[in-house]
Amino acid sequence: MEDKNLIVGFEKSDDAAVYKLTEDIAMIQTLDFFTPMVDDPYIFGQIAAANSISDVYAMGGVPKTAMNIVCFPEKLDMAILGEILKGGAEKVAEAGATLSGGHSIHDPEIKYGLSVTGIAHPEKILKNYGSQDGDILIVTKPLGTGIISTASKIGEASQKAIDTSIELMTTLNKYSGEILTKYPVTACTDITGFGFLGHAFEMADASEKTFILEKELIPYIEEAKEYAQEFFISAGGQKNRKYLEKKVEFDNVPFWLQEIMLDPQTSGGLLFSIPEKYVGEIMGELNKLKIKSSIIGRVENKQDKAIIIQ
């Protein structure tokens, strides 16, 4: 089926669906839910909600309503669920959206997330394709939260690394997203389960371009390097590596940095491309709000590989 008002569907693996309602209003729809990545139920609720809402920001929109998606074991204390929902509700409120209900089922494993509806102007939707030759690539959060989560599960992560990771995962992309909408961003996506390289590939491939990334510029949580060197890596990262093995060229990139770039992220930052002449101004705005953004590379005409890291 086709509908001329469906501006964005699943044809380009974009972050959310966008449906044009009027000449001035488009509706953004997305949903996501997760198993716990931290022990604290309240923090888990915050992270899951932040990640679920993120797709609206990646599309250049403003979240308006959110509905809970809950799977919870019958045998567990309901107070745990209360803490999860409290964390999620607080992030929805911070986003300026309204929590409007949801649905729950009994399940042997805890899962939580949100279905989110947002709005944007139909002509100002950010898509995960459209990058142009000469554009500069910028990412708004450091990488490595998945590796730190893996290290934490086996008792090898420092408290400093855990705290840094939680701070990044609970930070809404609202603040960077609001800045991006003021500039002629050519393409944008948020970094989640496919890892930085997986989402960068989708963006480059859909744009029919090659992304040239500078390995010295890739931002990561300091401790993630040590943990990757110790092989505290996830199965998800190895699935990402296998999928991308013929699509990405690593030019003398150390194994640990490869793993960080392949690492599945939860509530990662935004990756976007923008014409070079706007880089100084937009980086100034991002830095003013202390958003940990980094220039990481550039867009070039399509080559044999979609991504080249040098």
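Please count how many residues of segment 101-138 are surrounded by fewer than 20 Cβ atoms within 10 Å (Cβ to Cβ), among the charged types (D, E, K, R) and under 19 Å from the mean Cα position of the chain (by Cα).
Qualifying residue count, segment 101-138: 1.
Looking only at segment 171-183, decide whether some residue is in a loop (DSSP other than H, G, I, E, B), buried (at least 21 other Cβ atoms within 10 Å of the Cβ), of a type outside the set (D, E, K, R) and over 16 Å from the mean Cα position of the chain (by Cα).
No; the residues of segment 171-183 include none that is in a loop (DSSP other than H, G, I, E, B), buried (at least 21 other Cβ atoms within 10 Å of the Cβ), of a type outside the set (D, E, K, R) and over 16 Å from the mean Cα position of the chain (by Cα).
Please count how many residues of segment 216-246 are of a type outside the set (Phe, Trp, Tyr), assigned to a helix (DSSP H, G or I) and over 20 Å from the mean Cα position of the chain (by Cα).
Residues of segment 216-246 that are of a type outside the set (Phe, Trp, Tyr), as a first pass: 216-219, 221-226, 228-230, 233-242, 244-246.
Checking the rest, the ones that are also assigned to a helix (DSSP H, G or I) come to 216-217, 222-226, 228-229, 235-242, 244.
Still in the list and also over 20 Å from the mean Cα position of the chain (by Cα): 216, 223, 225-226, 228-229, 242.
Going through segment 216-246 one residue at a time, the tally reaches 7.
Which one of Glu222, Glu208, Glu245, Glu226 is closer than 15 Å to Lys141 by Cβ, among the acidic types (Asp, Glu) and surrounded by fewer than 20 Cβ atoms within 10 Å (Cβ to Cβ)?
On the way: Glu208 fails: closer than 15 Å to Lys141 by Cβ; Glu245 fails: closer than 15 Å to Lys141 by Cβ; Glu226 fails: closer than 15 Å to Lys141 by Cβ.
So the residue among Glu222, Glu208, Glu245, Glu226 that is closer than 15 Å to Lys141 by Cβ, among the acidic types (Asp, Glu) and surrounded by fewer than 20 Cβ atoms within 10 Å (Cβ to Cβ) is Glu222.
Restricting attention to segment 62-89, which residues are touching a helix residue (DSSP H, G or I) at 6+ places or on another chain (Cβ under 8 Å) and either in the same structural domain as Ile166 (by TED's automatic domain parsing) or within 24 Å of Leu180 (Cβ to Cβ) (or both)?
Val62, Pro63, Ala66
Considering only residues that are surrounded by fewer than 16 Cβ atoms within 10 Å (Cβ to Cβ) and either of a type in the set (A, V, I, L, M, F, W, C) or touching a residue at least 60 places away in the same chain (Cβ under 8 Å) (or both), which ones fall in segment 33-53? Steps first, please.
Initially, segment 33-53 is screened for residues surrounded by fewer than 16 Cβ atoms within 10 Å (Cβ to Cβ), giving 35, 39-40.
Thr35 - this is the single residue of segment 33-53 that is surrounded by fewer than 16 Cβ atoms within 10 Å (Cβ to Cβ) and either of a type in the set (A, V, I, L, M, F, W, C) or touching a residue at least 60 places away in the same chain (Cβ under 8 Å) (or both).
Would you mind finding the one in Lys242, Lys209, Lys215, Lys225 that is without any contact (Cβ under 8 Å) to a residue 24 or more places away in the chain, assigned by TED's automatic domain parsing to the domain that holds Gly146 and more than 18 Å from Thr266 (Cβ to Cβ)?
Values: Lys209 fails: without any contact (Cβ under 8 Å) to a residue 24 or more places away in the chain; Lys215 fails: without any contact (Cβ under 8 Å) to a residue 24 or more places away in the chain; Lys225 fails: without any contact (Cβ under 8 Å) to a residue 24 or more places away in the chain.
After applying the criteria, what remains is Lys242.
Within the group Thr22, Thr30, which residue is under 30 Å from Glu123 (Cβ atoms), crowded, with 17+ Cβ neighbours inside 10 Å, among the β-branched types (Val, Ile, Thr) and assigned by TED's automatic domain parsing to the domain that holds Tyr112? So that I can check it myself, show each step before the final result.
Details: Thr22 fails: crowded, with 17+ Cβ neighbours inside 10 Å.
Exactly one of Thr22, Thr30 is under 30 Å from Glu123 (Cβ atoms), crowded, with 17+ Cβ neighbours inside 10 Å, among the β-branched types (Val, Ile, Thr) and assigned by TED's automatic domain parsing to the domain that holds Tyr112, namely Thr30.
Just give me the residues in segment 261-305 being part of a loop (DSSP other than H, G, I, E, B) and under 14 Å from Ile136 (Cα atoms), in sequence order. Write out each step before concluding.
Going residue by residue through segment 261-305, those that are part of a loop (DSSP other than H, G, I, E, B) are 263-269, 275, 289-293, 302-305.
Selection gives Pro275, Ser293.
With a cut-off of at least 2 residues that are touching a Gly at 6+ places or on another chain (Cβ under 8 Å) and modelled with pLDDT of 95 or more, name the strands (runs of 3 or more DSSP E) lying wholly within segment 8-116. Give the derivation first.
Details: elements: 17-20, 26-34, 62-72, 98-106.
So the answer is 26-34, 62-72.
The values are calculated or read from the model by the stated rules, or taken from the named source; none is laboratory data. Since this is a predicted model, take the numbers as computed values, not measurements. A quick note on method: Cβ atoms are made from the backbone with ideal geometry, for glycine too, and the neighbour counts reach across all protein chains shown.
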